[in-house]
Amino acid sequence: MPFLLRKIRKARWYKHDRVPWLIEGDLQADALDDLRTTGNKLSIYLIDDDDTTLERVASALVTANTEYISDFEYALIGYEVFQELDIKSEDSEGETPDGLVNSWHRDLLELTAVKIVALANAIQTRAERKVFLKRRVTRMVLDALATQQLDRARMKPALLEKLDRITDPGAPSGSSRA
């Protein structure tokens, strides 16, 4: 059974020193910000059950509409959870620099507040919440660029410039190869 991936900020999903009042097993309200909807839809990505697509999706998402590389924090949850919660989905084109990854994009549909809270609870109790640290993300992105998985034309010039300086430290600033 495949998994679905949602980019999150892991600190919102745990009890820690900044929220001493949080009862064990409860969820910070800020975690719901990671499940922000538009038009009662939520964007997610399909991941093979053997995780072979995970790094490719991460590389694509971390380079979408940004000027810098950062840690990539995500939740990975079994597809069956969405069926159990009676959450509908549809194929829809993603908006990353990787055309293949864009085909793995799905929208969760007809979401209500009750379904979002149920999904948040399922993510807290049943999902893997993990992180690829910046160093690994940078390597994944550079590899994806080298194999032309990422379309440079769909990436911000400032990000490309930073990545180009890593691969060619002697290159003058502002010389983004397009």
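Straight-line reach from Lys15: taking Cα to Cα under 16 Å and skipping same-chain neighbours fewer than 8 places apart, the lysines in range are Lys130. For segment 19-28, 3J(HN,Hα) computed residue by residue from phi via the Karplus equation (6.51, -1.76, 1.60; θ = phi - 60°) reads 10, x, 7, 5, 6, 3, x, 8, 10, 4 Hz, glycine and proline entered as x. Please work out how much accessible surface Ile8 shows to a 1.4 Å probe, ignoring ligands, DNA and RNA, in Å² rounded to 10. The accessible area of Ile8 comes to roughly 10 Å². Here segment 13-156 is treated with +1 on each Lys and Arg Cβ and -1 on each Asp and Glu Cβ, and its dipole about the Cα centre works out to around 540 debye.
Computed over neighbours whose Cβ is under 10 Å from that of Gly99, the net charge equals -2, Lys and Arg +1, Asp and Glu -1.
Accessible area per residue for segment 49-178 is 53 Å², calculated with a 1.4 Å probe on protein heavy atoms, without ligands, DNA or RNA. In the chain, the longest principal axis of the Cα atoms and the axis of helix 157-167 are about 70 degrees apart.
Counting only alpha carbon atoms, the long axis of helix 113-126 and the longest principal axis of the chain meet at about 70°. Here is the list for segment 47-114: chymotrypsin sites (Phe, Trp or Tyr not before Pro) lying in DSSP coil, each with at most 14 other C-beta atoms within 10 angstrom of its C-beta, are Tyr68.
All other residues whose Cβ lies under 13 angstrom from that of Glu80 are scored, Lys and Arg at +1 and Asp and Glu at -1, for a net of -2. In the chain, the calculated helix contribution to ellipticity at 222 nm averages -9500 deg cm²/dmol per residue, counting -39,500 (n - 2.57) for every DSSP H run with n ≥ 4. Each 5 Å bin from 0 upward holds the following percent of the Cα-Cα pairs of segment 49-160: 2, 11, 19, 21, 18, 14, 9, 5, 0. Taking amide H atoms as placed 1.01 Å from N in the peptide plane, the amide H of Asp71 lies under 5 Å from those of Lys134, each 5 or more residues away in sequence or on another chain.
The values are calculated or read from the model by the stated rules, or taken from the named source; none is laboratory data. This one's a predicted model, so the numbers in the text were calculated from it and none came from an experiment. Every residue, glycine as well, gets a Cβ built from its backbone with ideal geometry; the counts of neighbours run over all protein chains shown. Just the protein is used for accessible areas: all its heavy atoms, side chains included, with ligands, DNA and RNA removed. Shrake-Rupley method; radii C 1.70, N 1.55, O 1.52, S 1.80 Å.
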